[in-house]
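The values are calculated or read from the model by the stated rules, or taken from the named source; none is laboratory data. As the structure is a prediction and not an experimental result, all values here were calculated from the model. Cβ coordinates were reconstructed from backbone atoms using ideal geometry, including for glycine residues, and neighbour counts include every protein chain displayed.
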Amino acid sequence: MSKISGKINLMNLHAVRKMMPGQSGQVEVLVIPIEKNKLFKGEKGIYLDLIAFEVDPAKRNADSKDTHLVKQSFSKEVRDKMTEEELKAMPILGNLSVWSDTAQAETVSDTNTVLSEVDNLPF
């Protein structure tokens, strides 16, 4: 089984970096608007749907190990409301690299916290 690693640049979404008060002082946070970024609200979380496109090895930078580029994926109804120019202008969010035939996938846990604007951060 192949293992795939990658990086996503969240600042390529509509986002704002800001300082907010936390338990140990000021904490740098990233605020990502849900609706403006067309994020999907599900029963168990808020999702950023992604799609990866394989990079043609002949066109890849010689120093790059990236095998795929990553963009945001949309439902058919959202895509149908977007113009062709809007779809083409969607930024590349990151990249992926296939790097192993024997590694197993790692699981990631998440913590859901909803804060009001006046609450201090829990970290």
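Just to be sure, is ILE8 β-branched (Val, Ile, Thr), more than 25 Å from ASP66 (Cβ to Cβ) and out of contact with any helix residue (DSSP H, G or I) (no Cβ under 7 Å at 6 or more places or on another chain)?
In short, no.
Just the residues that are in a loop (DSSP other than H, G, I, E, B) and at pLDDT 85 or above, please, taken from segment 73-113. Break it down stepwise before answering.
Pass one, segment 73-113, residues in a loop (DSSP other than H, G, I, E, B): 73-75, 82-83, 90-93, 101-113.
Residues satisfying the conditions are SER73, PHE74, SER75, MET82, THR83, MET90, PRO91, ILE92, LEU93.
Do we find that VAL70 is under 21 Å from GLU86 (Cα atoms), within 19 Å of the chain's Cα centre (by Cα), touching a residue at least 60 places away in the same chain (Cβ under 8 Å) and not in a loop (DSSP other than H, G, I, E, B) in this structure?
Yes: the conditions hold for VAL70.
From LYS36, LYS59, LYS44, LYS65, grab the single residue that is more than 17 Å from LEU10 (Cβ to Cβ), at pLDDT 90 or above and basic (Lys, Arg). Steps first, answer last, please.
Details: LYS36 fails: more than 17 Å from LEU10 (Cβ to Cβ); LYS59 fails: at pLDDT 90 or above; LYS65 fails: at pLDDT 90 or above.
Exactly one of LYS36, LYS59, LYS44, LYS65 is more than 17 Å from LEU10 (Cβ to Cβ), at pLDDT 90 or above and basic (Lys, Arg), namely LYS44.
Going by the structure shown, is ALA62 closer than 13 Å to LYS7 by Cβ and without any contact (Cβ under 8 Å) to a residue 60 or more places away in the chain?
Here the answer is no, as ALA62 does not meet what is asked.
Answer yes if at least one residue in segment 19-26 is among the small types (Gly, Ala, Ser) and either modelled with pLDDT of 90 or more or not in a loop (DSSP other than H, G, I, E, B) (or both), and no otherwise.
yes
Residues checked against (1) within 22 Å of LEU121 (Cβ to Cβ); (2) more than 14 Å from the chain's Cα centre (by Cα); (3) loosely packed, with under 11 Cβ neighbours inside 10 Å; (4) of a type in the set (A, V, I, L, M, F, W, C):
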{"residue": "VAL16", "(1), (2), (3), (4)": "yes, yes, yes, yes"}
{"residue": "GLY22", "(1), (2), (3), (4)": "yes, yes, no, no"}
{"residue": "ILE51", "(1), (2), (3), (4)": "no, no, no, yes"}
{"residue": "PRO57", "(1), (2), (3), (4)": "no, yes, yes, no"}
{"residue": "LYS88", "(1), (2), (3), (4)": "no, yes, yes, no"}
{"residue": "ASN95", "(1), (2), (3), (4)": "no, no, no, no"}
